[in-house]
Amino acid sequence: AFNISNYKPAHDTPEETIVYGRETAQPWLTANGYRDLIKQDSLNLDYHFGWISSHFDPKYEDKIVDIRVYDHEGVDLFMYYTRLSEKGSSPALRDIGNLGLGLYYMYRELPQDINSFGNARNYLRQVTDTKLKYLNYANGVCMLRDYGTQIGETYLNQEVTLNGYKAGAWNELGWIYLFENRIDELSELAYNNETKTALDFSLRRRFYYEQH
């Protein structure tokens, strides 16, 4: 039977496949591109994050021609990172496995009306390298929604301090500042050339609208 997740049109490089998948709203192509990159460098955290985040990208939802042929549950993701967490040949790979499972459960929960990030947090706790890129970001996202802004903000600021996934952390912090009416802090993000492009368009629009 034809499995669209394994369909790969001809491109010279994985990077071209990723770009084409994004431009044509075909997340299975984007995922295939990242998986090819992971085969070349299994320790590259950006490739792993790219695979997981693109698979669950909500921007695809209303663009996929036939959602029935797309495995949105991400069974391949789950199996891959489970094997890595349990049988990775080094502590670094096992950390990536647990981080991957944490991100997998985090992204599955985010669109839900009522969500709990216990599964995600369970795997994130098992990562031994607490300075690993994306770890504090993921903990921040989960803690923010399960326990509130104070503990979530602590993790997000740590991600920035460690020079990790700063764009994601800045965006989450921006929403915190907006909802808590911390206008001075949000202004610093919204008008700083380094940080403003990290903020969601909807966040920037709401901030600029309320300021004028």
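The values are calculated or read from the model by the stated rules, or taken from the named source; none is laboratory data. Everything quoted here is computed from the prediction, not taken from an experiment. Counting neighbours? That spans all protein chains shown, and the Cβs are built from the backbone with ideal geometry, glycine included. Only protein heavy atoms, including side chains, enter the accessible area calculation; ligands, DNA and RNA are left aside. Shrake-Rupley method; radii C 1.70, N 1.55, O 1.52, S 1.80 Å.
A few comments on the model shown:
- Placing R0 at 35 angstrom, the Cβ-Cβ distance between Ser187 and Thr154 gives a FRET efficiency of 0.95 after rounding to 0.05.
- Stretchable slack from Thr161 to Glu194, in nm (0.36 nm times residue separation minus alpha-carbon distance): 10.4 nm
- Rounded to whole numbers, the Karplus 3J(HN,Hα) couplings from phi for the stretch 149-162 are 6, 4, 6, x, 4, 4, 5, 5, 5, 5, 4, 5, 4, 7 Hz, using 6.51 cos²θ - 1.76 cosθ + 1.60 with θ = phi - 60°, and x at Gly and Pro.
- Added length on full extension, which subtracts the Cα-Cα distance from 0.36 nm per residue, Arg204 to Asp46: 54.3 nm
- Whole-number D in µm²/s for the stretch 85-212 (Stokes-Einstein; Kirkwood sum over Cα pairs; 10 °C, 1.306 mPa s): 104
- Calculated accessible area for the chain comes out at 56 Å² per residue, all protein chains present (probe 1.4 Å; ligands, DNA, RNA ignored).
- Spatial separation of Cα centroids for the stretch 136-212 and the stretch 70-135, in angstrom: 23
- Among Thr130, Thr17, the order of accessible area from largest down is Thr130, Thr17, computed with a 1.4 Å probe on protein heavy atoms.
- Cα-centre dipole for the chain with unit charges at Cβ (Lys and Arg positive, Asp and Glu negative), debye to 20: 340
- Only protein atoms count toward the accessible area here, which uses a 1.4 Å probe; on the chain, the carbon and sulfur part of that area reaches 48 percent.
- Cα long-axis angle, helix 166-179 against the chain (0 to 90 degrees, to the nearest 10): 40
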